[in-house]
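The next block holds one structure in the form of structure tokens; read it before the comments.
The values are calculated or read from the model by the stated rules, or taken from the named source; none is laboratory data. Note that this is a predicted model, so its numbers are computed, not measured. Counting neighbours? That spans all protein chains shown, and the Cβs are built from the backbone with ideal geometry, glycine included. Areas reflect the complete protein model, heavy atoms only, side chains present, ligands, DNA and RNA absent. Shrake-Rupley method; radii C 1.70, N 1.55, O 1.52, S 1.80 Å.
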Amino acid sequence: MTERPTHDSAGVSHPLKGTFDLDRAEWRSSAAGGDIEVAFVDELIGMRNAQDPDGPVLVFTEDEWEAFLAGAKDGEFDPEELEIPQT
């Protein structure tokens, strides 16, 4: 069974990464009204949907964040690169 992160008012706890402290997170977006917000707390990076601030938070280590950014810059997440089933 895979251990999953838990999310409560104090933070997001991950069995391997530690705890992302939501109380200390200063959420930022790239533009006013942006859909994605990012916060840097200690050695962890959190990312959430700005339209659902109480919803799930993705937590990255610094290495994971760098890999995510590299993939985004390389177009890895562009719609034409994703294998999305046709409906």
Task: Near pairs, Cβ below 8 angstrom, 6+ apart or cross-chain, from the stretch 36-58 (acidic (Asp, Glu)) to any residue that is assigned to a loop (DSSP other than H, G, I, E, B) - done: Glu37/Trp27; Glu37/Ser29; Glu37/Ala50; Glu37/Pro53
TODO: Please indicate, with yes or no, whether at least one residue in the stretch 36-47 is of a type in the set (A, V, I, L, M, F, W, C) and open to solvent by 100 Å² or more (accessible area, probe 1.4 Å).
DONE: yes
Open item on the list: One residue is enough: does the stretch 57-72 have a residue meeting the conditions assigned to a loop (DSSP other than H, G, I, E, B) and either open to solvent by 50 Å² or more (accessible area, probe 1.4 Å) or in contact with an Asp or Glu (Cβ under 8 Å, 6 or more places away or on another chain) (or both)?
Closed with: no
TODO: Please find, among Gly11, Gly75, the residue that is open to solvent by less than 90 Å² (accessible area, probe 1.4 Å), modelled with pLDDT of 80 or more and among the small types (Gly, Ala, Ser).
DONE: Gly75
TODO: Would you confirm whether any residue within the stretch 47-61 is in contact with a helix residue (DSSP H, G or I) (Cβ under 8 Å, 6 or more places away or on another chain) and modelled with pLDDT of 90 or more?
DONE: yes
